[in-house]
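**Student:** Just dropping this structure here.
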Amino acid sequence: MHSTDRLLGAAAAGSFAVAAVLGLVVAPPDGVQGQAQRLMYVHVPAAWLAYLCFAVVLVCSVAYLVRRDLHWDRRAQAAAELGVGMTALAIAMGSLWGRPVWGAWWVWDPRLVTTAVLLLVYLGYLSVRGLSDDRAAGARRAAAVGIIGFVDVPVVHFSVVWWRTLHQPPTVLSPDPAPMDPRMAAALFVAVLAFTLAGAWVVRRRLQMLAADDGPVPAVPVVAPAEPLVVAPRSRA
């Protein structure tokens with residue numbers, strides 16, 4: 001394992017330990033939602049990391065279409081896989097959080113619906129890669145989906161501002177952030193840092209696996225030009 005991977009892994013593990021202490025011990029429970037609010041320290045960082053992953057997919061997809069270099073496609077694929085996992089985790093944590101607060105596991109709320117659409121879009125992104133045996137063709141299709149699909153990311157984020165919703169407004173990434181207890185803010189910040197570091201570690205490790213699966217680019221054989229045929233003149237008797 002590369003030294004950078006070991007450093008990232010250690011930093012992520014340490015950050016998770018600190019976040020667990022801050023979120024479970026130091027930060028107080030919410031005055032209205034009670035202990036269920038502590039799910040925020042997983043739900044929000046998972047959503048943030050999903051946003052970040054899909055932004056990486058967008059940038060790397062554009063870079064692939066411009067450069068036609070499969071290194072960029074591998075970066076996009078690794079980020080998309082993690083983003084799909086984090087989106088699913090955010091939905092699961094939101095469902096667990098919503099049950100005691102809203103009285104239901106799922107409601108047809110704009111934030112929930114647009115997030116579910118986001119998950120389906122990037123599952124489709126991963127699926128289109130297998131539609132052809134041509135690696136480059138699959139990469140081109142995936143890049144198109146990765147670029148178009150990113151449109152849903154700001155829709156998900158601002159859905160709680162644009163439409164009436166049960167979901168609470170943005171806590172941090174908002175033009176008018178709501179006040180938060182400093183202990184809660186510290187726990188949330190460290191949790192976001194831990195998820196980001198762990199995400200970077202996962203993507204780096206996945207890139208190594210994808211590069212190994214693709215193997216080295218086969219060298220094009222160089223054929224030496226044929227020497228001209230020299231015909232010796234006939235001797236005259």
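Derivation of every value follows stated rules applied to the coordinates shown; laboratory data play no part. Values in this document were obtained by computation on a predicted structure and should not be read as measured data. Glycine gets a Cβ as well: all are built from the backbone with ideal geometry, and neighbour counts include every protein chain shown.
**Student:** Where the only charges are on Cβ atoms (+1 Lys, Arg; -1 Asp, Glu), what is the dipole of the chain about its Cα centre, to the nearest 20 debye? Let's see the in-between values first.
**Tutor:** On the way: 19 positive and 14 negative charges, 120 e Å.
The dipole of the chain has a size of about 580 debye.
**Student:** So, one more: Along the charge dipole of the chain, which of ALA90, LEU126, TYR64 sits closest to the positive end, that is, farthest toward it, with unit charges on the beta carbon of Lys, Arg, Asp and Glu (+1, +1, -1, -1)?
**Tutor:** Checking the options against the dipole of the chain, the answer is TYR64.
**Student:** Please give the direction-averaged projected area of the C-alpha convex hull for region 55-111, in square nanometres with one decimal.
**Tutor:** Working: hull surface 18.3 nm².
Average of the hull's projected areas for region 55-111 equals 4.6 nm².
**Student:** Can you give the relative contact order of the chain as a percent, counting alpha carbon pairs under 8 Å and 6+ residues apart?
**Tutor:** Working: 256 pairs, mean separation 75.8, N = 237.
Relative contact order here is 32 percent.
**Student:** I've got another one for you. In whole Å, how far is the Cα centre of region 133-160 from that of region 59-77?
**Tutor:** First find each Cα centre; the distance between them is then 12 Å.
**Student:** Suppose R0 equals 25 Å; then what is the FRET efficiency for ALA10 and ALA36 from their Cβ-Cβ distance, rounded to the nearest 0.05? Working shown, then result.
**Tutor:** Details: r = 32 Å, r/R0 = 1.27.
For ALA10 and ALA36, the calculated efficiency is 0.20.
**Student:** Kindly put SER15, SER127 in sequence by how many other C-beta atoms sit within 10 Å of each C-beta, fewest to most. Walk me through the numbers before you get to the answer.
**Tutor:** Working: SER15 19, SER127 12.
In increasing order of surrounding Cβ atoms, one gets SER127, SER15.
**Student:** Looking at the chain, I'd like the Rg to Rh ratio, where Rg is from alpha-carbon atoms and Rh is Kirkwood's inverse mean 1/r. Display every interim value, and only then the final one.
**Tutor:** Values: Rg = 25.4 Å, Rh = 20.5 Å.
Result: Rg/Rh = 1.24.
**Student:** To the nearest 500 deg cm²/dmol, what mean residue ellipticity at 222 nm is calculated for the chain from DSSP H runs of n ≥ 4 alone, each contributing -39,500 (n - 2.57), summed and divided by the residues?
**Tutor:** On the way: 7 runs with 157 residues, N = 237.
Calculated mean residue ellipticity at 222 nm is -23000 deg cm²/dmol.
**Student:** Could you give the length gained on full extension between ALA212 and SER3, defined as 0.36 nm per residue of separation minus the Cα-Cα distance, in nm?
**Tutor:** 73.4 nm
**Student:** Taking Cα atoms, how many degrees apart are the long axis of helix 182-214 and the longest axis of the chain, rounded to 10 and kept between 0 and 90?
**Tutor:** Between the helix axis and the principal axis of the chain, the angle is about 20 degrees.
**Student:** Could you work out Rg/(2.2 N^0.38 Å) for region 102-165, with Rg from alpha carbons only? List each step's numbers first, then the result.
**Tutor:** Values: Rg = 15.1 Å, N = 64, 2.2 N^0.38 = 10.7 Å.
The reported ratio for this selection is 1.41.
**Student:** Provide the net charge surrounding ASP181, with neighbours chosen by a C-beta distance below 13 Å and charges set as Lys +1, Arg +1, Asp -1, Glu -1. Before the final figure, lay out the partial values.
**Tutor:** Working: positive: ARG38, ARG183; negative: ASP30.
Taking every Cβ under 13 Å from that of ASP181, the sum is +1.
**Student:** Compute log10 of I(q)/I(0) for region 53-160 with the Debye formula, placing one identical point scatterer on every Cα and leaving out solvent, at q = 0.17, 0.24 Å⁻¹, to two decimals.
**Tutor:** For the requested q values the scattering log ratios are -0.75, -1.22.
**Student:** P(r) for region 1-103, please, calculated from all Cα pair distances in 5 Å bins and given in %.
**Tutor:** Calculated over all Cα pairs of region 1-103, the distribution is 2, 12, 14, 16, 18, 14, 10, 7, 4, 2, 0 percent.
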